[in-house]
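Step one of this worksheet: look at the structure below.
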Amino acid sequence: MKSSAATLAPSNVVENVTSFDYARAHALCVEKARRNIRRLADRPVSGAFSPNGNYFAFPEGFFDIGNWSSSFFTGMALLAYETTHDPDLLKQVNRLGDVYRDKVTRHRMDTMHDLGFLYSLYSVALHRLTGDLDHRRTGLLAAEELAKRFSARGGYLQAWGRMDENTTDYAGLAIIDCLMNLPLLFWATRETGNRYFHEIAVKHADTTRANFIRADDSICHAFRFDLKTGAPVGPANCCGYAVNSHWARGTTWAIYGFALAYRHTGDNAYLDASARLARKFVASLDDELVPCWDFRLPADMPPLRDSSAAAIAVCGLDELLTHRPDAALAETAEALLQRLCTPSYLDANLDCPGVLRAGEVGDGPGHTPGTIKAKSVYTSWGDYYFMEALDRRLHGPTGIW
Ligand code: GLY
């Protein structure tokens with residue numbers, strides 16, 4: 001258990017005139033986590049993002065295959081529990097035990113790879129906190145399901161689609177975000193002694209390092225492999241502006257994902273990759289600090305920001321710096337977090353479930369073929385990583401990943 005947190009005044013706070021210090025911003029996250037986890041336990045949903053911060057109006061259901069995001073609420077509630085020790089938080093998270101088990105056993109999780117996001121922030125975190133063996137069992141089932149997505153020929157985990165279908169666009173496709181799913185596999189090896197989980201996680205990280213990072217240290221979002229031979233075919237894109245652009249959030253998934261791969265393997269090549277991407281990310285920032293959602297937008301595209309990329313970046317930089325200190329990167333991490341604590345980004349109204357304004361999601365095809373446009377929303381993942389970043393400052397690194 002971590003030490004106790006600052007508290008907020010119990011009334012609804014509408015205080016958008018000054019920046020919050022880290023302790024008050026964390027207390028705000030605790031309070032929103034408390035409200036949100038009750039709503040999630042009453043009616044499980046995905047709650048991915050929202051234009052006005054009301055995640056519970058997002059139409060995707062908990063069991064829908066697109067749901068990769070419910071656990072950002074359980075993750076925040078468990079971070080809150082670690083500092084407040086409030087048993088009601090744990091009780092609310094535990095109310096979801098049956099649906100998390102059913103999701104992986106009865107609802108065909110065989111067409112997506114985000115079991116790491118979903119089960120690290122639920123089953124793994126709960127097992128670590130409580131020792132409950134039911135959560136361990138569910139977490140291991142999720143790791144087994146994720147392991148089925150490994151292509152031995154190409155050495156990667158396929159992002160989406162069934163593994164026995166080879167005619168869809170998803171066949172042979174891996175994406176940069178998947179680095180954040182690997183901690184579930186590393187955990188499964190630690191728990192069971194079965195090295196297979198660890199080995200495929202290492203293979204996937206190696207394949208990502210070899211193919212997704214360009215010579216200038218930017219990244220592509222996706223990469224395609226030949227289904228028959230496993231040979232690299234070339235870059236692809238589903239989330240950045242275009243195939244040759246530089247998606248900000250993808251870079252931050254990679255900075256954090258590679259730093260975590262180092263934590264679990266001790267292989268310096270991953271730390272080197274994380275550091276290269278971090279320096280490129282920092283060099284790409286402008287005076288606003290919070291990054292544009294893609295660093296290579298044409299001049300006629302609105303330069304929307306992505307607060308979630310900033311929050312993930314702070315966690316990734318912190319993880320990297322734990323293993324390899326660097327004063328310039330540390331200064332940027334601090335400046336990014338301070339910027340997120342200003343009224344431009346932080347929504348202090350407790351009636352709004354969302355914490356951070358100005359996150360980014362894709363919004364369909366852009367005006368030229370092969371491009372994507374974006375919209376500005378609150379994101380549940382941005383809120384989670386913002387809270388984790390504050391928590392790291394106030395209480396030390398998290399053991400969740
Ligand atoms: N992992 C999905 C996203 O970052 O949008």
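The values are calculated or read from the model by the stated rules, or taken from the named source; none is laboratory data. Predicted model, so just to flag it, every value in this text is computed and none were measured. No Cβ is skipped: glycine too gets one built from the backbone with ideal geometry, and neighbour counts run over all protein chains shown. Each accessible area value is taken on the protein alone, full model and side chains, heavy atoms only, with ligands, DNA and RNA left out. Shrake-Rupley method; radii C 1.70, N 1.55, O 1.52, S 1.80 Å.
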Expressed as a whole number of Å, what is the distance separating the alpha-carbon centroids of segment 247-292 and segment 36-77? 27 Å
Towards the positive end of the charge dipole of the chain, with charges on Cβ (+1 Lys, Arg; -1 Asp, Glu), say which of Ala261, Thr379, Leu79 has the farthest Cα. Ala261
Note to self: C-alpha centroids of segment 138-167 and segment 175-189 sit apart, in Å, by 12 Å
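Using the heavy atoms of the protein chains alone and a 1.4 angstrom probe, what is the accessible area of the chain per residue in square angstrom?
Numbers: 14870 Å² over 401 residues.
Accessible area per residue, the chain: 37 Å².
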Relative contact order for segment 107-203, counting Cα pairs under 8 Å that sit 6 or more residues apart, in percent: 32 percent
Just read off the accessible area of Lys91 with the full protein assembly in place, 1.4 Å probe, to the nearest 10 Å². 120 Å²
What Kirkwood hydrodynamic radius, in Å, does the chain give when the mean of 1/r is taken over all pairs of distinct Cα atoms and then inverted? 21.0 Å
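If you roll a 1.4 Å probe over segment 54-190 with all protein chains in place, what percent of the accessible area is carbon or sulfur? Show your work: numbers first, answer last.
Numbers: 2280 of 4820 Å².
Using a 1.4 Å probe with all protein chains present, segment 54-190 comes out at 47 percent carbon and sulfur.
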About the Cα centre of the chain, what is the dipole size in debye to 20, counting +1 per Lys and Arg Cβ and -1 per Asp and Glu Cβ, all else neutral? 700 debye
What distance in nm separates the simple spin-label points at Thr18 and Asn194, each placed 7 Å from Cα in the Cβ direction? 5.4 nm
For segment 269-401, which whole percent of the accessible surface, found with a 1.4 angstrom probe, sits on carbon and sulfur atoms? 54 percent
For the cross-link pairs Lys91/Lys203; Lys280/Lys375; Lys103/Lys375; Lys32/Lys203; Lys32/Lys375; Lys203/Lys280, which exceed 31 Å when the distance is taken from alpha carbon to alpha carbon? Lys91/Lys203; Lys32/Lys203
Report the residue, chosen from Asp110, Asp216, Asp134, that carries the largest GNM mean-square fluctuation when the chain is represented by alpha-carbon nodes joined by springs under 10 Å. Asp216
Relative contact order, percent, of the chain when contacts are C-alpha pairs under 8 Å separated by at least 6 residues? 19 percent
Farthest positive-ward along the chain dipole, Cα basis, beta-carbon charges - from Met163, His323, Pro302: Met163
